[in-house]
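Here is the structure we will look at.
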Amino acid sequence: MPDPDPAPDPDPAPDSAPTQKTTAPAPTPVVPPSRPPDAPRDRVPPCDPRALWPALGASRQARRSALLAPLTRTAGPPPERQHLTWVGDLQQGDGGKGAMTDRLAPAHQIAARVQGGDNAGHTTVFQGAEGGEHTLKNHLLPSGLRHPGVLGVIANGVLVNPQTLAEEVASFAPHVPALRRRLVLSDRAHLVLPLHRLVDGRQESGGGRCSDVIGTTRRGIGPANVSKANRIGIRVRDLQDPGLLRRRIEQNVRFFGLPSGHADSDLKWLETYRDLLLSLATDTVALLDAAVEAGYSVLLEGAQGPVLDVEHGTYPYVTTSPTAFYSVTSGTGLDGSLVGHRVGVLKAYQTMVGNGPFVTEDAGELGDRLRRTGEEFGTTTGRSRRCGWLDLAHARWAAGFNRYTSVVVTKLDILDGFDRIGVCVGYQLPNGEYGEFVPDHAYLERCRPLYCWLPGWRHRTRGLTRFDQLPPEARAFLRYIADFLGVEVAAAGTGPADRDLLVDPAARLAGLLPAPAAAGLLRAVRNGREKRTTP
């Protein structure tokens with residue numbers, strides 16, 4: 001295609017004019033428009049893209065220092081060696097996690113409650129400085145706060161009944177000086193209200209929208225978790241906004257089908273505890289992260305056992321929140337891979353409270369003997385626990401699921417005096433086949449226990465002070481458990497008190513637990529008796 005005709009010269013030279021070589025004019029420089037004299041200079045971006053980093057870093061460090069102030073005031077500088085430890089359960093949750101947490105607390109600077117609510121009761125028995133024996137029962141406060149230098153954290157995964165918390169703070173005050181200065185509460189923790197307890201009780205009585213009777217403690221935990229999942233829950237931080245608080249409570253009243261008057265009564269009830277909750281509130285996720293980064297040791301306390309986990313337990317006979325190891329991450333914000341010690345408590349026999357499958361349950365003489373001797377009554381409700389021989393098939397599932405690094409067998413002394421001791425190692429199905437533990441209600445209802453029988457010991461174990469003083473049959477029982485589970489049995493509990501723990505000196509966990517002889521000497525000095533206890 002031919003080129004188009006060139007555009008005519010706008011000012012052609014006459015034919016007679018001589019040809020001249022012309023120079024193109026120089027281009028006019030482009031000058032940016034001048035900035036108005038009143039334009040703010042701080043809107044001009046800096047030339048160095050990292051120029052703001054030092055200031056931002058200094059601000060971040062100042063916030064972290066403020067977060068760590070209660071910890072440094074309580075515990076001082078970080079230890080030379082850091083430990084992150086979780087205390088869980090291998091059964092339903094009655095194994096003695098509170099007592100174990102209390103025993104481990106002196107080796108840590110933070111004791112943090114991870115999950116659950118005041119439906120989980122923990123008991124600690126210890127000897128005071130004056131020589132008397134004391135018992136502490138807690139449902140929300142982390143165990144171990146009686147030890148100086150330990151900061152208590154109620155983390156975001158805990159459901160908080162404000163009334164229970166206020167009562168525990170008051171009851172612990174004589175045993176834990178300056179408790180209010182050594183306790184923080186997650187501002188993201190959800191609250192359990194009277195309306196939640198009302199709905200829980202109605203459901204457990206066979207009424208309401210759900211008529212299945214689970215056997216809960218009627219503490220309102222399930223309905224509170226329903227509110228949480230439905231995005232109408234009330235968090236500690238919401239107490240700062242009266243308008244939001246009323247709106248959320250009214251949403252709950254409508255959702256659960258309660259009379260409208262419940263909103264005003266719950267608001268009035270909450271007002272009683274508002275100052276306490278807000279005085280303790282902080283960002284515990286940021287606090288724990290800063291503490292771990294600074295090198296402090298953290299002890300993480302669980303509530304129920306893995307068989308009650310809402311995702312992996314014997315549904316529907318479960319609680320409504322995580323109870324397994326992954327609850328550490330969801331309940332605190334910490335990276336679970338940082339936890340080096342996973343300590344599982346395992347009662348020397350099996351117990352359960354509430355409804356649900358229980359393969360080794362004994363409704364006869366054995367169950368009565370274990371219940372009576374072991375004082376098997378719930379810390380929270382006082383209900384009698386169902387009892388039976390130890391179910392190691394169940395425990396092996398829990399050990400594999402949570403990957404425990406150490407197991408502590410509790411209440412070994414309750415088996416003192418038995419001629420033989422039954423241990424369930426597997427199940428028999430109706431078709432005659434052998435089966436293992438599967439967290440399924442219908443499956444477990446069809447299973448029958450397969451027992452191995454070990455020789456008992458007709459010796460008293462309570463009062464012993466060393467692991468090697470246990471009767472040979474008792475040590476063989478502990479070795480059998482360790483071999484079956486594939487996890488070390490680091491210690492055995494022979495009574496409720498803090499001194500009633502016999503630690504295997506060869507166990508990995510031994511370095512975190514106080515030596516009984518040293519503990520005995522400390523008590524003697526405190527009592528004014530300069531006499532060394534027998535090792």
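The values are calculated or read from the model by the stated rules, or taken from the named source; none is laboratory data. Here the structure is a predicted model, which is why all the values come from computation and not from measurement. Virtual Cβ from ideal backbone geometry, glycine too; neighbours counted across all protein chains shown. Surface areas here come from the heavy atoms of the whole protein model, side chains and all, with no ligands, DNA or RNA. Shrake-Rupley method; radii C 1.70, N 1.55, O 1.52, S 1.80 Å.
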* **the stretch 119-129, residues that are surrounded by fewer than 24 Cβ atoms within 10 Å (Cβ to Cβ) and either farther than 16 Å from PRO142 by Cβ or not small (Gly, Ala, Ser) (or both)** => THR123, VAL125, PHE126, GLN127, GLY128, ALA129
* Structure fact -> Scanning the stretch 330-357 for residues that are in a loop (DSSP other than H, G, I, E, B) and in contact with a helix residue (DSSP H, G or I) (Cβ under 8 Å, 6 or more places away or on another chain), the one modelled with the lowest pLDDT turns out to be GLY356
* Give the residues of the stretch 375-391 that are open to solvent by less than 20 Å² (accessible area, probe 1.4 Å), assigned to a loop (DSSP other than H, G, I, E, B) and not small (Gly, Ala, Ser), sorted by residue number. => GLU376
* To do: Have a look at GLY132, GLY116, GLY149 and point out the one that is touching a residue at least 40 places away in the same chain (Cβ under 8 Å), of a type outside the set (Asp, Glu) and open to solvent by 20 Å² or more (accessible area, probe 1.4 Å).
  => GLY149
* Asked: Which members of the stretch 279-316 meet the condition of being of a type in the set (Phe, Trp, Tyr) and open to solvent by 50 Å² or more (accessible area, probe 1.4 Å)?
  -> TYR315
* Asked: How do the pairs read when you match residues in the stretch 262-286 that are at pLDDT 95 or above with residues anywhere that are open to solvent by 40 Å² or more (accessible area, probe 1.4 Å) and small (Gly, Ala, Ser), using Cβ under 9 Å and keeping only pairs 6 or more apart or on different chains?
  -> THR284/GLY333; VAL285/GLY333; ALA286/GLY333
* Identify, from the list THR320, THR351, THR332, the residue that is among the polar types (S, T, N, Q), over 30 Å from GLN82 (Cα atoms) and open to solvent by less than 30 Å² (accessible area, probe 1.4 Å). => THR351
* Asked: Would you call ARG231 at positive phi, of a type outside the set (Gly, Ala, Ser) and more than 16 Å from the chain's Cα centre (by Cα)?
  -> yes
* Could you list all residues from the stretch 335-386 that are in contact with a Leu (Cβ under 8 Å, 6 or more places away or on another chain) and over 18 Å from VAL423 (Cβ atoms)? => LEU338, VAL339, GLY340, HIS341, VAL343, PRO357, GLU376
* Asked: Going by the structure shown, is THR85 assigned to a strand (DSSP E or B), within 22 Å of ALA491 (Cβ to Cβ) and open to solvent by 10 Å² or more (accessible area, probe 1.4 Å)?
  -> no
* To do: Identify the residue in the stretch 479-497 that is open to solvent by 40 Å² or more (accessible area, probe 1.4 Å) and part of a loop (DSSP other than H, G, I, E, B) and, among all such residues, is modelled with the lowest pLDDT.
  => PRO496
* Pick from the stretch 225-256 the residues that are in a helix (DSSP H, G or I), over 18 Å from THR272 (Cβ atoms) and hydrophobic (A, V, I, L, M, F, W, C): which of them is least open to solvent (accessible area, probe 1.4 Å)? -> VAL253
* **Selection from the stretch 392-431 of residues that are open to solvent by less than 10 Å² (accessible area, probe 1.4 Å), among the polar types (S, T, N, Q) and over 21 Å from ALA120 (Cα atoms)** => SER406
* Which one of the conditions (1) in contact (Cβ under 8 Å) with a residue 40 or more places away in the chain; (2) over 23 Å from the mean Cα position of the chain (by Cα); (3) under 20 Å from SER321 (Cβ atoms) does ARG248 fail to meet, given that it meets all the rest? -> (1)
* To do: Please give the number of the condition ALA442 fails out of (1) open to solvent by less than 70 Å² (accessible area, probe 1.4 Å); (2) touching a helix residue (DSSP H, G or I) at 6+ places or on another chain (Cβ under 8 Å); (3) part of a helix (DSSP H, G or I).
  => (2)
* **Residue among SER171, SER211 that alone is open to solvent by 40 Å² or more (accessible area, probe 1.4 Å), among the polar types (S, T, N, Q) and either part of a loop (DSSP other than H, G, I, E, B) or at pLDDT 95 or above (or both)** => SER211
* Criterion: open to solvent by 40 Å² or more (accessible area, probe 1.4 Å) and either within 30 Å of LEU67 (Cβ to Cβ) or β-branched (Val, Ile, Thr) (or both) - qualifying residue of ARG274, ARG182 -> ARG274
* Out of the residues in the stretch 319-344 that are in contact (Cβ under 8 Å) with a residue 24 or more places away in the chain and of a type in the set (Val, Ile, Thr), state the one that is nearest to GLY511 (Cα to Cα). => VAL343
* Asked: Considering the stretch 92-141 alone, what residues qualify as being aliphatic (A, V, I, L, M) and in a loop (DSSP other than H, G, I, E, B)?
  -> VAL114, ALA120, ALA129, LEU140, LEU141
* Contacts under 7 angstrom Cβ, first residue in the stretch 408-419 being at positive phi and in contact (Cβ under 8 Å) with a residue 24 or more places away in the chain, partner surrounded by 24 or more Cβ atoms within 10 Å (Cβ to Cβ) and among the hydrophobic types (A, V, I, L, M, F, W, C), 6 or more apart -> LYS411/ALA348
* Asked: Taking ARG372, is it open to solvent by 30 Å² or more (accessible area, probe 1.4 Å) and free of Cβ contacts under 8 Å to residues at least 60 places away in the same chain?
  -> yes
* On the given criteria, is CYS452 in a strand (DSSP E or B) and surrounded by 16 or more Cβ atoms within 10 Å (Cβ to Cβ)? -> no
